[in-house]
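Novice: Dumping the structure here so I can ask a few things about it.
No lab work stands behind these numbers, since they all come straight from the coordinates. Just so it is clear, the structure is predicted and the values come from calculations on it, not from any experiment. Here Cβ is always computed from backbone atoms with ideal geometry, including for glycine, and neighbour counts include all displayed protein chains.
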Amino acid sequence: MSALNHLARPAQYARAGLFAVALALAAPGIKAMQAAPESRPLMDTTTCSRPVYPEEDARLKNTGTVTMQFLLGPDGRVIESKIQKSSGFRSLDEAARSALVKCRFRPPMVDGKPVQAWTAVQYVWTPE
């Protein structure tokens, strides 16, 4: 299986209920990015672990969807992260954020070169 097949794709992972995916590229305020990106960032799920359901939330069957913003460096590593929309449970938000910031991404490309950019990532918590 090629490395590209290990990269997250929205429909594939949304149906499987696994990792969330880079939803959209939001690059306002990033001066290094003058041209439109040739590709969107993709999460490489082989580089990180699935978030662990916090014990108390699992016991209470808390569910929700958290949307996070990640600033990606040209090397595909997360430089900065923030919660854009909460799941409604701070512990679920932090568990998703702290696990997914460890993931590597295939960064967006401009003129054939990787660039720094913001991307949105969503994670859905559902009891197993």
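Novice: Extension gain residue 39-residue 113, at 0.36 nm per residue separation less the Cα-Cα distance, in nm?
Specialist: Numbers: separation 74, 0.36 × 74 = 26.64 nm, distance 1.05 nm.
Full extension from residue 39 to residue 113 adds 25.6 nm.
Novice: Cross-link partners among aspartates and glutamates for residue 85, C-alpha distance below 20 Å, same-chain residues fewer than 8 apart left out?
Specialist: In chain and number order, the partners are 57, 93, 94.
Novice: Calculated FRET efficiency, residue 75 and residue 50, Cβ-Cβ r, R0 22 Å, to nearest 0.05?
Specialist: On the way: r = 23 Å, r/R0 = 1.04.
E(calc), rounded to 0.05, equals 0.45.
Novice: Assign one of three labels to the range 45-99, namely rounded, prolate or oblate, based on the Cα gyration tensor with a ≥ b ≥ c the square roots of its eigenvalues; rounded applies when a/c is under 1.5, prolate when it is not and a/b is larger than b/c, and oblate otherwise.
Specialist: Numbers: a/c = 3.31, a/b = 1.76, b/c = 1.89.
Here the range 45-99 falls in the oblate category.
Novice: Would you mind calculating the gained length between residue 124 and residue 90 on full extension (0.36 nm times residue separation, minus the Cα-Cα distance), in nm to one decimal? Spell out each step's value before the answer.
Specialist: Working: separation 34, 0.36 × 34 = 12.24 nm, distance 1.38 nm.
In short, 10.9 nm is gained.
Novice: Right, next: Starting at the first residue of the range 104-112, write each ³J(HN,Hα) from the Karplus equation 6.51 cos²θ - 1.76 cosθ + 1.60 with θ = phi - 60°, in whole Hz, x for Gly and Pro.
Specialist: 9, 10, 7, x, x, 10, 10, 6, x
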